[in-house]
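In what follows, a structure is listed as C-alpha cells, so that the remarks can point back to it.
The values are calculated or read from the model by the stated rules, or taken from the named source; none is laboratory data. Being a predicted model, the structure only gives us computed values, none of them experimental. Cβ sites come from the backbone with ideal geometry, for glycine too, and all protein chains shown count toward neighbours. These accessible areas exclude ligands, DNA and RNA; they are computed on the full protein's heavy atoms, side chains included. Shrake-Rupley method; radii C 1.70, N 1.55, O 1.52, S 1.80 Å.
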Amino acid sequence: MAKKKPNPTPSTPAPYFLFPSPPAPIPTSIVISLFSLLVRFLVSLGPYSGQGTPPKYGDYEAQRHWMELTLHLPPSSWYRNSSANDLSYWGLDYPPLSAYQSRFHGLLLNASIPKAVALGSSRGYESPESKLLMRWTVLLSDLVVFFPAALYFVWVYSRRDQGGVGGGGSMMWLLAMILINPCLILIDHGHFQYNCISLGLTVGAIAAVLSSNELVASALFTLAINHKQMSLYFAPAFFSHLLGKCLKRKNPIVEIMKLGFVVLATFAIVWWPYLHSLEAAIEVLSRLAPFERGLFEDYVANFWCSTSVFIKWRRLFTVQSLKLLSFLTTVLAFLPSFVQQIKFPSNLGFLYALLNSSFSFYLFSFQVHEKSILLPLLPASLLGLQEPLLYGWFIYYSLLSMFPLIRRDHLMLQYIAVLSLFGFIFYSPDRSRGTKTNSFHIRKALLALPLLCSLILYFIYLRVRPPEKYPFLFEALIMLLCFSQFVVLTLYTNKRQWMLLDSSSWSVRVKKDI
C-alpha cells in the first residue's frame, strides 16, 4: 500500500506560486538595466525644478538645502526652527532615513564642491559642476536601491511563474516596464527627487513577501516608510496580507509578534536620535504631517481637487473636519481590498491590494500632490503581465496628470521622448506573446473617447491662451479627465481582486493565477 503523504502543517503553508520556471536571462537583464540607466542619464541632462527661479527655486534646491542642513547641524536640530534652520525655507519634512540619505549625499558634495553645501551661504547655489554631482546622487540611488529591487522582483516572479504567463521574453518585458517607467524617470531625474529609494525598498519588500520572507519584507517596508511617509499608501495592503497569512498558521499570535518586533526594532534604529524625549519625537512628527498646506496642492487628479470645481470644500469645512472626512473616505475606499486579504490572502491578491490601497490614498487622503501618482503606478507596473492594458492606460493618464508640472520644468522634450520610448517597448512582440490578452475588457470606443479628449487638451494647453477670468481652466480640464480615468481603473482593480475568489474555478486559479 502506498504511504499516504502528510498534509502540510498550517505553520508552513504551501507556496502560492506552484510552478517554478527558469530565472530570467541574466545577460538580457543586464542590457535592459544599462539601457534604463542610459535613459535616466539623458533625461538628467535637461532642466530641473526651480532652475534659475529665486527666491525659493524648487525641489532641486530643497534637496540641496537638506544636504546643507544635515551636514552642518546635529540631528536634534534638523527638524527644529532656529537661526541656522529656517523651516519656512524648505524645512525638512521627510522621516529620518531621508535625512540620513541627505547627509550622506551632502558628504559627497562637500568633498568635491564645499561651496554647494556651505551653511547659510549656499542658498540657490547652481553651477554646472554641482548640478552634475547632484544628478549623479540620484542615478546612484536608483542603481543601488531600485534596480536591484526590480531585478529581485522579476527573479521571484519568473521562478514562481505568476499567472502562467512567464517565459524569458515576457519576463524581460516586465523588467523593462518596471525600470522604464516614464513618470518615475521624469520626476526623479528631470524634476529632481529621490522617489527611487522609497519605491525601491517597497519593491524589495513586495518581492520578499512573494518569496515568503515576511520578516525581511517587514524590515524593508518599514525602511520605505521611514524614507518617505507616503509609503504608508501601501500599509493597508501589507498589514492585511501579512495578518491574513499569520491567522492561518498554527501559532498566529507568535507569528504576529515576530513581525511586530521587526517593525518596532527597525523604527527604533532609524528614530534613535529622537527617542530620548517626547518633545524631540513630536518635533519630527509635526513636520511629517503638513496639514497647514491644505487639502491638496496645485491641480491634482484626485477626488477633493476635482470636485472642488463644484464644491468649495475649503470654504465649507474647517481643516479639522476635512482631516476627518478625508480619513473616513480613504478608509472606506481601501476597506474592501483590506478585508479580502485578511480573509483570503494570496500573492496575486496582494499585488491588487497594493494597487487598490495606494489608489485609495491618492484619491481621498489629505494633502496629495500630483507626484503622488507614482505610488499606485508602482504596483500597476508589477501587475504588467496580468494587466498590460491597465498599466499602459494608467501610465498615459498619469503622465497627462503631471503634464502642467513637466511643462513648468521645461522638460517637454524629455516628456515626449520617454513617452515614445515607453510606447515602443510596451507594444513589443514579447508583450503580446507573454501577457494576458483577455483582461480588462472595455470596448474600444470607451477607450477612444477619453484618448481623443486628451489629445485635444494637449493641443489646447500648448497653443491656446486661457481666459483671463479662468487662468487655470486647462489645468482643471486635464485634472477632471485624468480623475475620471483613475476612478474607472480603481473600480476595475477592486473588482478584479474580489474575482479571485470565484469558488467555481478556485482550484484552477490557484494553479493559473496565483
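A few remarks follow.
- Working note: Karplus 6.51/-1.76/1.60 with θ = phi - 60° gives region 293-308 the couplings 6, x, 5, 7, 10, 6, 10, 9, 7, 10, 4, 5, 6, 5, 6, 5 Hz, where Gly and Pro are set to x.
- The chain: calculated mean residue ellipticity at 222 nm from DSSP helix runs of at least 4, using -39500 (n - 2.57): -20000 deg cm²/dmol
- Residue by residue, region 477-493 carries 3J(HN,Hα) couplings of 5, 4, 4, 5, 5, 5, 4, 4, 6, 5, 5, 4, 5, 6, 5, 5, 5 Hz when phi is fed to the Karplus relation 6.51 cos²θ - 1.76 cosθ + 1.60 (θ = phi - 60°); x denotes Gly or Pro.
- Taking each residue as 0.36 nm, the span from Ile26 to Ser77 lengthens on full extension beyond its C-alpha to C-alpha distance by 13.8 nm.
- Ordering of 354-364, 144-154, 38-48, 179-189 by burial proxy (mean other Cβ atoms within 10 Å per residue, highest first): 354-364, 179-189, 144-154, 38-48
- Residues of the chain: accessible area per residue with a 1.4 Å probe, Å²: 44
- Cα gyration tensor category, rounded, prolate or oblate, for region 121-215 with a/c compared to 1.5: prolate
- Mean Cβ neighbour count within 10 Å, used as a protection proxy, ranking 74-84, 229-239 highest first: 229-239, 74-84
- Axis of helix 59-72 versus longest Cα principal axis of the chain: the two differ by about 80°, to the nearest ten degrees.
- Two-site FRET efficiency, Gln51 against Ala235, from Cβ-Cβ distance with R₀ of 30 Å, rounded to 0.05: 0.30
- Percent of Cα-Cα distances greater than 46 Å, calculated over the chain: 10
- With a Förster radius of 51 Å applied to the beta-carbon distance between His276 and Trp136, the computed FRET efficiency rounds to 0.90.
- Put simply, the amide H of Gln193, placed in the peptide plane, has neighbours under 5 Å in Asp188, leaving out anything fewer than 5 places away on its chain.
- Computed P(r) (all Cα pairs; region 261-354; 5 Å bins; percent): 2, 10, 13, 14, 13, 16, 17, 11, 4, 0
- Annotation: peptides 240-246, 329-335, ranked by per-residue average of other Cβ atoms within 10 Å with the highest first, follow the order 240-246, 329-335.
- Measuring against 27 Å, Cα to Cα, the residue pairs Lys312/Lys371; Lys228/Lys343; Lys248/Lys323; Lys228/Lys258 contain Lys228/Lys343; Lys248/Lys323 as the ones spanning a longer distance.
- Extension gain for the segment Ile256 to Leu288, taken as residue separation times 0.36 nm less the Cα-Cα distance, is 8.8 nm to one decimal.
- Carbon-plus-sulfur accessible fraction, the chain (probe radius 1.4 Å, protein heavy atoms only): 69%.
- Full-extension gain in nm, Thr307 to Leu42, via 0.36 nm per residue minus C-alpha separation: 91.6 nm
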